[in-house]
1. Do you know which of the residues in the range 66-91 that are touching a helix residue (DSSP H, G or I) at 6+ places or on another chain (Cβ under 7 Å), part of a strand (DSSP E or B) and not hydroxyl-bearing (Ser, Thr, Tyr) is modelled with the lowest pLDDT?
2. Going through the range 46-63 one residue at a time, which ones are over 18 Å from Leu6 (Cβ atoms) and of a type in the set (Asp, Glu)?
3. I'm trying to understand the selection: among the residues of the range 56-71, which are touching a residue at least 40 places away in the same chain (Cβ under 8 Å) and over 12 Å from Ile16 (Cα atoms)?
4. Please work out which residue is surrounded by the fewest Cβ atoms within 10 Å (Cβ to Cβ), limiting yourself to the range 1-56 and to residues that are within 13 Å of the chain's Cα centre (by Cα) and of a type in the set (D, E, K, R).
5. For the subset of the range 5-38 comprising residues that are modelled with pLDDT under 95 and part of a helix (DSSP H, G or I), which member is nearest to Gly72 (Cα to Cα)?
Amino acid sequence: MKGAFLFTKAVLPYIIKRKSGDIVNVNSGVGKAGFSNLLAYCASKFGLLGLTESLALEVDRYNIRVMTIFLGQVATKMWQDFDHIYYEKNK
């Protein structure tokens, strides 16, 4: 979320000056539903969705579209660890 915020803050004045543009934030499915053992990660992804929706309303008048895309599960160490914890709890 911090990266998306800082990047948007840096480029937004230029996009507003052009009065046209698109900002696409890449999110995760945990930005739609909470999961146990992923509190901070889920909170950051919910925050990214809020940032995206609020920014979209603020810059609509400049013909700027802001959206988020939700990716599926990606095979990272975090998800491998989560899958293991989830499997052990739900045997």
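1. Result: Phe70.
2. The answer is Glu53, Asp60.
3. Scanning the range 56-71 gives Val66, Met67, Thr68, Ile69, Phe70, Leu71.
4. Among those that are within 13 Å of the chain's Cα centre (by Cα) and of a type in the set (D, E, K, R), it is Lys2.
5. If we take residues in the range 5-38 being modelled with pLDDT under 95 and part of a helix (DSSP H, G or I), then Gly29 is nearest to Gly72 (Cα to Cα).
The values are calculated or read from the model by the stated rules, or taken from the named source; none is laboratory data. In this text, all values refer to a predicted model and were calculated from it rather than measured experimentally. For neighbour counting, all protein chains shown are included, and Cβ atoms are generated from backbone atoms with ideal geometry for every residue, glycine included.
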